[in-house]
Amino acid sequence: DDDGAAPAGAAAAHLISELAEHAAEKVEAAVEQHQAEQQGENEDVQIAWQVLEVARGIYSKAHEEGAAPADGAGPDLGLMLAKVHLRLGDIGKMNGHLGQAIDDYGFCLQLREAALDADDRLLADVHWCLGSAHEYDAQVRAGKQAKAAADGAAADGAAADGAAAADG
């Protein structure tokens, strides 16, 4: 009986090895695909940011010059500029540039307040975006402070352990 168990055990070990190798290849392929998708998303965000920066420049210049649509029926340039700043704020928040996002949302709010009634939903939208950016910023700051405090406590503990060892 034992002679038959050894070849069966070897066959099972070989099968397990092949399955593990196959699983490792699948995981590696999935990781590579995820990295490629991430790279594509990063490129898309970069392109969107560049387009919005160009639009911001164009709308800012036209808004500063007081330009208006020739027929008076086109979109309000201040509101178009506000929308650009709203989207720039979205990209900034998504990339962790919270200070810039807050600035963009704040400028959007100023432009919208100048052009819209106080009860317009577009104002509520930018207020929500601005509030969420401030909240996220506060959470990030609190996390950094907690990490610094924990690192400081760990360093103090290590120094105390070192001093106790030197005394002992």
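Structural remarks
- Taken over segment 85-96, the residue count meeting the criterion of being open to solvent by 10 Å² or more (accessible area, probe 1.4 Å) and either aromatic (F, W, Y) or closer than 21 Å to E64 by Cα (or both) is 2.
- If you go through segment 111-154 and keep only what is surrounded by fewer than 13 Cβ atoms within 10 Å (Cβ to Cβ), closer than 21 Å to G92 by Cβ and free of Cβ contacts under 8 Å to residues at least 12 places away in the same chain, you end up with A124, W128, G131, E135, A138, Q139, R141, A142, G143, K144.
- Checklist (1) of a type in the set (D, E, K, R); (2) modelled with pLDDT under 85; (3) surrounded by fewer than 10 Cβ atoms within 10 Å (Cβ to Cβ) applied to D161, failing item: (3)
- Within segment 91-104, tally of residues that are part of a helix (DSSP H, G or I) and under 9 Å from the mean Cα position of the chain (by Cα): 4
The values are calculated or read from the model by the stated rules, or taken from the named source; none is laboratory data. Because the structure is a prediction, the values reported are computed rather than measured. Counting neighbours? That spans all protein chains shown, and the Cβs are built from the backbone with ideal geometry, glycine included. Just the protein is used for accessible areas: all its heavy atoms, side chains included, with ligands, DNA and RNA removed. Shrake-Rupley method; radii C 1.70, N 1.55, O 1.52, S 1.80 Å.
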